[in-house]
Structures are given as C-alpha cells and as structure tokens.
Amino acid sequence: MSGTYARPEALVSADWVQEHLNDPKVRIVETDEDAALYHMGHIPGAVEIGWHLQLQDQLRRDYIDVPRFEALCSAAGIANDTTVVFYGDNANWWACYALWAFQLFGHKDCRIMDGGYALWKAEGRPMTTEIPSPTPTPYKVQKADEAAIRAFRDEVLAHAKAGRPMIDVRSPDEYTGKKLHMEGYPQEGALRGGHIPGARSVPWKRAINADGTFKSADELQALYEGEIGMKPSDDVVAYCRIGERSSHTWFVLKYLLGYPKVRNYDGSWTEWGNLVRVPIALGEEPGKI
C-alpha cells in the first residue's frame with residue numbers, strides 16, 4: 001500500500017459530514033475531554049456520548065455491559081445499520097476512543113471526521129447549542145469480539161516477554177519516567193513512571209498535522225515502518241496512560257495503514273505503573289524484560 005489509506009471510508013472530511021447532516025442513515029457523535037464543549041456549540045444534529053459517564057461502568061474499571069450499550073445506542077437514534085461518525089476535541093483523541101469502544105460491541109460502520117472539533121470550528125462551519133432529541137431506534141449487539149482489538153495486562157506481559165511490537169504513544173517525558181502525565185496535567189495516577197520494557201516511543205501527535213488532520217498514508221508509513229521497522233504482519237499493542245491516546249494510534253494502524261492485528265491496552269500506564277512486580281524500563285531506550 002502506498003499513497004492512499006488502507007480503509008479510506010473510515011476517515012471522512014468535514015465537507016462529507018456537512019453534506020450528510022440531514023441523512024437519516026448517519027448519526028454524528030461528539031465525544032470530548034472537555035465535557036462543557038458540546039454545550040457551548042456543536043455540529044447541528046450531533047449527539048453527545050461521554051467517554052466517562054456513558055461508555056464506562058461507574059463501579060468498576062471497564063465498559064458498560066451489552067444491555068446498557070444497546071440502550072445508549074437506542075436513545076441516541078443509532079440503529080445497527082447506522083453510519084456513526086465520531087468527532088471531538090484534542091485532535092479526535094476521545095472520538096477514536098469512542099469508535100474503539102463501539103468496535104468492542106461490534107458496530108459495523110464507524111468513522112472519524114478528520115480534523116475534529118477544532119477544524120470544523122476554525123473553518124466557520126455551522127454550529128448550534130440546540131440539543132437534538134433523536135427518535136429511539138431498536139438496537140441489538142450482533143457480535144462483541146473484544147479479544148481482537150483489546151489487550152489486558154497478562155496478555156501485555158506475555159507480549160512483552162515474547163518481544164513482539166509495542167508502541168508507547170505518550171509524550172517523551174512520560175516514556176522516560178520523568179513525568180506521569182503530559183505537561184500541564186496533574187502528575188498522578190501511577191506510583192511509578194517509565195515504560196513497558198520493549199515498547200517503542202512514538203507519540204500519538206506525530207501522526208497528525210498542525211490542523212489536527214491525519215498525516216498522509218506515505219507519511220504514516222515512513223513513521224511506523226521506516227523509523228521503527230514495523231510491518232503490516234506484526235502483532236501490535238499500543239498503550240498510553242488511560243487508553244484514549246492509544247486509541248488514536250490504534251485507529252491509525254488499523255484503519256489508515258490496514259494492520260490486521262493491533263490491540264489497544266486501555267489499562268495502560270495507570271494500571272501498569274501501579275502493578276506489583278511488573279517490569280518497568282526507564283530512559284529513552286526500549287529496555288528488555
């Protein structure tokens with residue numbers, strides 16, 4: 001593959017979204033880090049699905065169960081055959097996270113709006129504060145196969161011991177152990193800093209342009225394959241701090257570069273950095289177990 005994305009239909013432009021604002025077969029979903037953003041102005045007709053309060057279980061660190069996911073989709077006017085287009089702030093961190101979560105439940109047609117919230121607003125496209133009231137739709141999860149796209153801590157440990165490719169998408173200071181979170185965020189959430197031995201540092205932001213759009217397929221290939229020697233046949237695990245930035249890289253590898261076997265470790269550093277007796281590497285090198 002060269003020059004074009006492996007699955008170009010997975011990434012839609014703002015023009016495409018604007019043309020489909022009144023399409024009953026398309027549902028636009030906003031998912032942000034900043035929970036106030038949606039209420040300050042959003043794409044007309046877009047519904048808000050919060051990554052924390054709606055997609056995650058509030059009693060245990062996991063996602064909502066199948067009945068609650070079905071109810072969530074129904075209330076949002078999403079049917080099994082609906083094309084769901086996600087967008088949000090931070091160059092689509094949480095939009096990719098929401099898309100990944102929808103894939104955990106097997107929703108077939110999920111897409112990302114390139115450039116996200118910031119680009120839509122910067123281009124002066126229509127926005128509203130009106131909250132839509134979708135007509136509830138029937139929704140039944142057809143297949144929930146999380147094993148193909150989600151990695152758990154024991155699997156990650158085995159992956160690292162086997163020397164398989166792993167990408168740490170956090171900032172360089174988080175990777176080396178200098179910080180527990182990015183600059184400007186509270187330095188909390190883990191007792192130890194560093195990275196999983198064997199993981200290569202490829203910060204998520206290297207996959208995007210200054211306006212928040214994704215880089216070209218050639219540029220992405222140069223980054224992941226030219227710089228760190230990955231191959232489409234690789235079994236890859238990506239992680240960050242809580243799974244949202246690594247969802248962004250997961251989307252790049254799976255949908256834009258077409259890697260068939262890439263998983264997101266959403267436990268990420270807030271889990272790994274608190275585990276007893278797991279190996280941790282410090283500094284700029286990948287390290288070994």
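Quick one: would you say Leu257 is surrounded by fewer than 23 Cβ atoms within 10 Å (Cβ to Cβ), in contact with a helix residue (DSSP H, G or I) (Cβ under 8 Å, 6 or more places away or on another chain) and over 21 Å from Trp51 (Cα atoms)? Steps first, please.
Working: surrounded by fewer than 23 Cβ atoms within 10 Å (Cβ to Cβ): yes; in contact with a helix residue (DSSP H, G or I) (Cβ under 8 Å, 6 or more places away or on another chain): yes; over 21 Å from Trp51 (Cα atoms): yes.
Against the criterion (surrounded by fewer than 23 Cβ atoms within 10 Å (Cβ to Cβ), in contact with a helix residue (DSSP H, G or I) (Cβ under 8 Å, 6 or more places away or on another chain) and over 21 Å from Trp51 (Cα atoms)), Leu257 qualifies.
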Quick count over segment 239-289, residues being more than 28 Å from Glu219 (Cβ to Cβ) and basic (Lys, Arg), is 2
Of those in segment 90-147 that are modelled with pLDDT under 95 and basic (Lys, Arg), the residue surrounded by the most Cβ atoms within 10 Å (Cβ to Cβ) is Lys108
Expected single match for farther than 15 Å from Tyr139 by Cβ and touching a residue at least 12 places away in the same chain (Cβ under 8 Å) among Asp57, Asp15, Asp34 is Asp34
So Phe86, is it crowded, with 16+ Cβ neighbours inside 10 Å and either under 20 Å from Gly124 (Cα atoms) or of a type in the set (Lys, Arg) (or both): yes
Scanning segment 151-174 residue by residue, those among the basic types (Lys, Arg) and not in a loop (DSSP other than H, G, I, E, B) turn out to be Arg153, Lys161
Sole miss for Tyr185 among (1) in a helix (DSSP H, G or I); (2) farther than 30 Å from Ala71 by Cα; (3) among the aromatic types (Phe, Trp, Tyr) is condition (1)
Just one listed residue, out of Gly267, Gly243, is assigned by TED's automatic domain parsing to the domain that holds Ala207 and either more than 26 Å from Asn209 (Cβ to Cβ) or touching a His at 6+ places or on another chain (Cβ under 7 Å) (or both), and it is Gly267
Checked Lys161, Lys179, Lys215 against criteria (at pLDDT 95 or above and over 18 Å from Val262 (Cα atoms)); the one match is Lys215
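Of all residues in segment 188-198, which are part of a loop (DSSP other than H, G, I, E, B) and either within 22 Å of the chain's Cα centre (by Cα) or at positive phi (or both)?
Correct list: Glu188, Gly189, Ala190, Gly194, Ile196, Gly198.
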Among residues of segment 109-129 being touching a strand residue (DSSP E or B) at 6+ places or on another chain (Cβ under 9 Å) and either part of a loop (DSSP other than H, G, I, E, B) or of a type in the set (Lys, Arg) (or both), the residue nearest to Ile78 (Cα to Cα) is Asp109
Residue pairs within 7 Å by beta carbon, gap of at least six or interchain, first lying in segment 184-211 and touching a residue at least 40 places away in the same chain (Cβ under 8 Å), second surrounded by fewer than 13 Cβ atoms within 10 Å (Cβ to Cβ), listed first then second, are Pro197/Lys288; Gly198/Gly163; Gly198/Lys288; Ser201/Pro172
State whether the residues of segment 144-158 include one that is touching a Lys or Arg at 6+ places or on another chain (Cβ under 8 Å), among the β-branched types (Val, Ile, Thr) and touching a residue at least 60 places away in the same chain (Cβ under 8 Å). yes
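The values are calculated or read from the model by the stated rules, or taken from the named source; none is laboratory data. The structure displayed is predicted, hence computed values, not measured ones. Counting neighbours? That spans all protein chains shown, and the Cβs are built from the backbone with ideal geometry, glycine included.
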